[in-house]
1. Please find, within the stretch 233-263, the residue that is nearest to the chain's Cα centre (by Cα) out of those that are among the hydrophobic types (A, V, I, L, M, F, W, C), closer than 22 Å to Asn357 by Cβ and open to solvent by less than 20 Å² (accessible area, probe 1.4 Å).
2. State whether the residues of the stretch 162-182 include one that is touching a residue at least 40 places away in the same chain (Cβ under 8 Å), over 30 Å from Ser479 (Cβ atoms) and open to solvent by 40 Å² or more (accessible area, probe 1.4 Å).
3. Out of Gln130, Gln156, which single residue is of a type outside the set (Lys, Arg) and in contact with a Leu (Cβ under 8 Å, 6 or more places away or on another chain)?
4. Could you list, in sequence order, the residues of the stretch 121-172 that are among the small types (Gly, Ala, Ser) and either at pLDDT below 95 or in a strand (DSSP E or B) (or both)?
5. Looking at the stretch 1-63, what strands (runs of 3 or more DSSP E) fall wholly within it and have at least 3 residues that are among the aromatic types (Phe, Trp, Tyr) and closer than 30 Å to Leu106 by Cα?
6. Could you say whether any residue in the stretch 310-323 is over 30 Å from Leu477 (Cα atoms) and either among the acidic types (Asp, Glu) or open to solvent by less than 10 Å² (accessible area, probe 1.4 Å) (or both)?
7. Contact list please: Cβ distance under 6 Å, first residue in the stretch 593-606 and farther than 17 Å from Glu117 by Cβ, second residue modelled with pLDDT of 95 or more and of a type in the set (D, E, K, R), pairs at least six apart or on different chains.
8. Cβ contacts < 7 Å: first residue over 25 Å from Asp572 (Cβ atoms) and modelled with pLDDT of 85 or more, restricted to the stretch 187-209; second residue of a type in the set (Ser, Thr, Tyr) and open to solvent by less than 60 Å² (accessible area, probe 1.4 Å), any location; separation 6+ or different chain. Result?
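The values are calculated or read from the model by the stated rules, or taken from the named source; none is laboratory data. Predicted model, so just to flag it, every value in this text is computed and none were measured. Cβ atoms come from the backbone with ideal geometry, glycine included; neighbour counts cover every protein chain shown. Keep in mind that these areas ignore ligands, DNA and RNA; they rest on the heavy atoms of the full protein, side chains included. Shrake-Rupley method; radii C 1.70, N 1.55, O 1.52, S 1.80 Å.
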Amino acid sequence: MAASSATLARQYGLISSYKDVLGRRISMRAATRDALLGAMGAGAVPPPRQIPDYVIATPGEAPNLDLSGAWALTLENGQMQEGRGPLPPLDLGRHRVEAGGETCWLIVAPAALALPEKTWGVTAPLYALQGRARGGIGSYSDLAVAAEALAGVGAQFLGINPVHAGFPGDPAAFSPYSPSHRRRLSVQHVRFEGEAEVPPADLIDYPAARTAHRAAAEAAFATREADPAFDAWRAEEGPSLERFATYEALAERFGPYWGDWPAEMQSPDTDEVRRFAAAEAHRITYHVWLQYLADRQLAEAAEAAHRAGMRHGLYLDLAVGTHPHGAETWSESDAFAQGVSLGAPPDAFATDGQRWNLAPFNPRALIQTGFEALASTLRCQLRHARLLRIDHILGFERAFWVPEGGVPGGYVRMPRDAMLAVVRLEAARAGATIVGEDLGNIPHGLRGALAASGILSCRVAMFEGGRAAEDYPEAALASFGTHDLPTWAGWRQGADIALRDALGSIDAEAAAQAQRDRAADVARLDAATGDTSGAVDAMHRFLAETPARLVALQIEDILGIAEQPNLPGTVDEYPNWRRTLPVAAGDLGEDPKVQRAAAVMRRAGR
């Protein structure tokens, strides 16, 4: 049994040991191995293959696949060819060849994406954008206004948090990084004509805002008129959209998470679900209609950004995983590993490790389906963006899975080269630039693979240890921080450390040492910028002078906000994802602080 399990573990890509942050070698326990194999549905050892599962090729090149006998080739567009011997050169796409009773996927993508020209943009939370006289949750219409305003001062992109579909039925579920479905859009940002005004406030009251928004949505749906464009869009989106809308209608009846539903409703393929869909066709149409509005309004925001002169337009964010009991796992359960969550191994900040409560893609399912789930997820984001951030792209190399039931987690090897090829393929089709969030315990060789693919690295000055501006890589997006980190003002003050001390997540001695370490970090960055005044302009000028092709300025830093948007590891202890901006979306271009940041970028040649 042990030998068989060890063989299975090798065949299914389980990594037997890894080095932790202290350099210790951690070996995978037998219980972890068995749990991860079970999560992938691993049974018998797969038989030896005569041809590989997949081959990567470039357009106009014959795939490097040794076929001596007959083969049948199915192109991505459905056309079929038959032949013997070497395959012909192929165009961009994910094609499939069958030979000798086996199937091989042919991923045809450019060898590398072209790097963008040197420029800059702004990142801002969509939920935080406010109209001049309206509060609540920022809308796609506010996004369009903000993009136009920032384009007016020279910004070439506007980055926002993920806008994946969430859980409107759970008033506590508003983290943009724990989505229900990554190929559907959040409808909380849809703006309805005549929607009730909510006075602007420093913090968003999500339950109240969602209640008012839902009332506006229901009223608009009740009075909508026939729309052939909606009917055509619905038909084009097909069964995937219908399954999502069915999930949303079921969630109204049984609650937001399918794990709490009756057993007969926990799969889209049961007779009970089909009967429900027939009986609730009107509610399903309602949820399809909301998706249509979200897609149309996000498209309008993207078009507004480009019309205003933004080269890249919207900079969207793809979350690393999806909620284990949301619409995506209900609709496409075979694509995901079961009974495990993405996470991170123990480190100095989380001695028990981290469990993110996000379902990971099953690498075997990805391979067997020609990476369809990954490709379609990317395609959905790139429909409205020419710049896309892939959260935690470290997971393309290896993913840390944490089983349920308290069993320690372990690493699973992912088909990195194929996944990167799929990214290049979809980005090339969209004419987009990709940014890979490569922060943390970076696997050896990953950054080299990203650079070779033309995927930009994330370089965060806060973590660069005072590195000189000229030493930053060219294939990068440079920024000071991220949404999970302190702002420029907060970082210099040690506000995040003081907050964790006050919350009791670190003791007084650890907090004092952390403040001493922070002071040293501040001094190192000040030495690199050549300015000890703490002026944000000096930091912005430093970023602008790096070779990095893209520079992202956070709106919180520009406006001098000390509080960070999110404090990882907290739920109710800190107002995560709730802080609004003190400047209205339409006024951003006229704000003196924004204009000063733009002037710094211009003087540096961006």
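1. So, considering only residues that are among the hydrophobic types (A, V, I, L, M, F, W, C), closer than 22 Å to Asn357 by Cβ and open to solvent by less than 20 Å² (accessible area, probe 1.4 Å), the one nearest to the chain's Cα centre (by Cα) is Phe244.
2. The answer is yes; a qualifying residue exists.
3. Numbers: Gln156 fails: in contact with a Leu (Cβ under 8 Å, 6 or more places away or on another chain).
Result: Gln130 is the single residue among Gln130, Gln156 that is of a type outside the set (Lys, Arg) and in contact with a Leu (Cβ under 8 Å, 6 or more places away or on another chain).
4. If we filter the stretch 121-172 for residues that are among the small types (Gly, Ala, Ser), which is where we start, we get 121, 124, 128, 131, 133, 135-136, 138-139, 141, 144, 146-147, 149, 151-152, 154-155, 159, 165-166, 169, 172.
Answer for the stretch 121-172, where residues must be among the small types (Gly, Ala, Ser) and either at pLDDT below 95 or in a strand (DSSP E or B) (or both): Gly121, Gly131, Ala133, Gly135, Gly136, Gly159, Ala165, Gly169, Ala172.
5. Details: elements: 17-19, 25-27, 54-57.
Per the criteria, no element qualifies.
6. Taking the stretch 310-323 as the starting set, the residues that turn out to be over 30 Å from Leu477 (Cα atoms) are none.
Within the stretch 310-323 (the criterion being over 30 Å from Leu477 (Cα atoms) and either among the acidic types (Asp, Glu) or open to solvent by less than 10 Å² (accessible area, probe 1.4 Å) (or both)), the answer is no, since none of the residues qualifies.
7. Final answer for the pair search is Val600/Asp537; Val600/Arg541.
8. Once the first residue is over 25 Å from Asp572 (Cβ atoms) and modelled with pLDDT of 85 or more and sits in the stretch 187-209, its partners that are of a type in the set (Ser, Thr, Tyr) and open to solvent by less than 60 Å² (accessible area, probe 1.4 Å) give Val190/Ser139; Val190/Tyr140; Arg191/Ser139; Arg191/Tyr140; Arg191/Ser141.
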